[in-house]
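Structure record follows, encoded as structure tokens.
The values are calculated or read from the model by the stated rules, or taken from the named source; none is laboratory data. Bear in mind that the values here come from a model prediction, so they are computed numbers and not experimental data. Here the Cβ is made from the backbone with ideal geometry for all residues, glycine too, and neighbour counts use every protein chain on show. Surface areas here come from the heavy atoms of the whole protein model, side chains and all, with no ligands, DNA or RNA. Shrake-Rupley method; radii C 1.70, N 1.55, O 1.52, S 1.80 Å.
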Amino acid sequence: MAKKQIHLAAHFPGVNNTTVWSDPESGSQTDFASFVAFAQNAERGLFDFLFLAEGLRLREHQGRIHDLDVVGRPDTFTVLNAIAAVTTHLGLGGTINTTFNEPWELAKQFASLDHLSGGRAAWNLVTSSDAFTGENFRRGGFLRPEQRYDRAQQMLDAARELWLSDGAPIDHHSDQFDMVGRFPIPPTPQGHPVLIQSGDSDAGREFGAKTADAIFSRHGSLESGQEFFADLKGRMGKYGRRPEEITILPATTFALGDTEAEAQENGHRIREAQVSPQTAIAFLEQVWGRDLSAHDPDGPLPDVDPDPGAEITRGRVRHEKDPVAVANRWRELAEAKGGLSIRELIIETTARQSFVGTPRQVAQQMDAYVQADASDGFILVPHLTPGGLDEFVEKVVPELQDLGSYRTEYTGPTLRDHLGLQKPS
Amino acid sequence: MRTAHLAVEVSGFGRHPEAWRVAGVPRQALLTPAHHIGTAQLAAQAGADFLALPDSFDPDSLLDAVAIAARVAPVVPGIGLVPMATTTHTEPFHLSKAIATLDLVSSGRAGWEAAVSRTPEEAAQFGRKPAAPAADLWREAAEAIEVVVALWDSWEDDAVIRDVPTGRYVDRDKLHYIDHVGEFFSVKGPSMTPRSPQAHPLVVVREEPESLAVAARWADVVRIAAPDLGAAHAARERIRAAVADAGRDPDDVAVLLDVEVLLDADETAARRAYDDLGEHPAQTLRVVGGPDEFVAVLGERAVDGVTAVPLALPGGLRVLADEVAPRLLAAGLRVPADPTATLRGRFGLSRPANRFSGV
Ligand SMILES: Cc1cc2nc3c(=O)[nH]c(=O)nc-3n(C[C@H](O)[C@H](O)[C@H](O)COP(=O)(O)O)c2cc1C
């Protein structure tokens, strides 16, 4: 039997606490030249798509703009259309919120991107619906959290109707949208853009199982990857879908070296750069929900317990639901490792690379994950802009090809071709 | 003597409703990047200061104009790119970052033609509010432009500091909430997108009775329609007076007359082509004929320049590039474009100071 093939996508390293801006090789995350260099390299590496995250309000920490990570990003549609001009096959995936947009306009923007890129567009539908973000929009934070996937579904149904309408009259009514008219843009080269989903709640997983062509997951380890893979693909049957219709791609980081020891050393260096002393305290404050600026990042964890109700950071997806439990776990971990400092602990818990080794070793690890159904591939999150993928493409991609689990050429021009997906009807 | 400005507007196969018949390619071609790159290249060869890309939510519109501009920007150097984007149904926050990003990907060649969506059909597509009278739409547009421009200033130029000793990527004192609360919406800010190369991409507004105050307050370029040069000159005077009343220097605002063109090196061929297209009422001064007739319009200097609006593509554009452009240079009406200039630079406008700096 032919080996399961690995899919790769590339996350443009911008606003992200993994992006190392202090490295002398770190360039601008907003200059178009950075996008050109990054995208062209991903295309050389025969990646399925380039991926852009989205934020619609600058993040705040303790009531002020968070200033320790990379801040600022270009508009998704505009930069993806420009990248389409300097690439020929690379898919162009944009994260666009379903809460702060209207279907008619979004459908037009995505149809335009898909036409102008010759069928390479993908939409990562996210649902972040908080009032904090809503303060930048005329509709405000009008959506209750439990409604966000309803709106996402209605948004997608509406957009899909427009994309596939081919000039037929539209008369669409749901609780969120009323649209009457005729959508002027003919169906796009892909029928409509590829759909990506990345929420992780139960509602998010159902939405993904029902609608998505690809899932951006954060389950990067072997066990949690396998669990997520089985769970998500297990949900598809009730929607009449087959497991192959969704490509699951966890976010993955990596560190390379000519020898294993060198890779470990590089990995350690990257982790230290990702967690500056100030970042270590900020991370701690996120869990503790208190001002901990008086604590020495090179000293021990605070004695006080977290304030479980406090939301100290706004505009960031919060993964930790139970801060007291996290604090207790961290204290045990710090002790077990011989008394880790705050910064050492944060480095230990937040910034571990998924794959570390020589290019051959990393390729073998990735292949093993995919063959073991921990995923169908990966969204690589490099730590440097724009050169963070260069070494991977140059050295790991040929190893993956050598293992027989990665394409040696694009077999078609559209992103659906890369993902092995049918045109929707 | 100031040189005359030249812009080119392209939409579809041209402004004449029958233009598709003479295009020689199917309407489907308008969906391809090749078509838009081709027309932008011709406009750039004509030495145009900018390419205007109309857009709307009308059923006869096609691709998003900002998307087209962004797709063209990396492959067609030199020329400014001015997509139209309406303010009636869109979020100013999204608009602001889209145009700022167009400025980034074009290295300072972006503009924005601010317009309104006035029809009940467009309102019905969004289903959120009924169509409103033009005066209300333009009041809303004024507020939207105010927000967009404030967001363009919400990052100071030197906000990114990358200060390793203190661990700070940005100096947050150089990022500003705009805290806009108005009649139509409230927007907190700052923008997601840093201040762009031109700081304020060129703002273009078309004159109509209800938009005059908006143009006077916000426009760098005002597009007008007029049946003849006398009426155009009167419109220019009217706009300059309104600009002065709004407390701005009229010399900072260029008034460009729309001129519908169907040009051919051979004048009679142009007229024959027009006859083939069939009668269609002119929306503004129209020149059907040879290159000299078009050059004469600029030579009159009734306005600060013209926007050539081809009735049918691509023929008219090719004549602009091959025949008109050299004549304009020879007549001293235009000077060769500086390929490194920003779009504001082409209009003699400096990069605006940031309203927040030093505050
Ligand atoms: C790997 C991953 C990446 C995400 N990226 C973004 C993003 O760039 N922008 C955003 O607004 N939300 C992002 N999200 C948030 C989700 O898509 C989702 O809207 C949010 O988590 C709330 O849904 P949930 O409760 O189902 O997780 C991301 C989530 C995951 C798991």
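Just a few scattered comments:
- Within the range B:248-286, being acidic (Asp, Glu) and in a loop (DSSP other than H, G, I, E, B) holds for B:Asp249, B:Asp264, B:Asp266, B:Glu279.
- Note on the range B:299-318: residues that are open to solvent by less than 10 Å² (accessible area, probe 1.4 Å) and not in a loop (DSSP other than H, G, I, E, B) total 8.
- Residue within the range A:42-63 that is away from the ligand (no atom under 14 Å from the Cβ), at the interface with chain B (Cβ under 9 Å from one of its Cβ atoms) and open to solvent by 10 Å² or more (accessible area, probe 1.4 Å) present: no
- Search result, residues across the range A:212-243 that are of a type in the set (A, V, I, L, M) and surrounded by 15 or more Cβ atoms within 10 Å (Cβ to Cβ): A:Ala212, A:Ala214, A:Ile215, A:Leu222, A:Leu232, A:Met236
- Hey, A:Asn101 on the phi < 0 side of the Ramachandran plot, more than 7 Å from chain B (Cβ to nearest Cβ) and open to solvent by 10 Å² or more (accessible area, probe 1.4 Å) or not: yes
- Residues that are more than 10 Å from chain A (Cβ to nearest Cβ), open to solvent by less than 10 Å² (accessible area, probe 1.4 Å) and within 16 Å of the chain's Cα centre (by Cα) within the range B:87-114 comprise B:Thr87, B:Gly108, B:Gly111, B:Trp112, B:Glu113, B:Ala114, listed in sequence order.
- Residue in the range A:113-126 that is at the interface with chain B (Cβ under 7 Å from one of its Cβ atoms), under 21 Å from A:Ala152 (Cβ atoms) and open to solvent by 10 Å² or more (accessible area, probe 1.4 Å) present: no
- Residue that is modelled with pLDDT of 95 or more, of a type in the set (Asp, Glu) and within 12 Å of the ligand (Cβ to nearest atom), where the choices are A:Glu206, A:Glu146, A:Glu161: A:Glu206
To keep it simple, each residue is scored yes or no on (1) of a type in the set (Lys, Arg); (2) in a strand (DSSP E or B); (3) under 26 Å from the mean Cα position of the chain (by Cα).
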{"site": "A:Arg290", "(1), (2), (3)": "yes, no, no"}
{"site": "A:Gly299", "(1), (2), (3)": "no, no, no"}
{"site": "A:Arg316", "(1), (2), (3)": "yes, no, yes"}
{"site": "A:Gln353", "(1), (2), (3)": "no, no, yes"}
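- The combined condition, being within 16 Å of the ligand (Cβ to nearest atom) and crowded, with 21+ Cβ neighbours inside 10 Å, is not fulfilled by A:Ala282.
- Filtered residue count, the range B:127-150, keeping only those that are more than 13 Å from every other protein chain (Cβ to nearest Cβ) and either more than 21 Å from B:Asp179 (Cα to Cα) or open to solvent by 20 Å² or more (accessible area, probe 1.4 Å) (or both): 10
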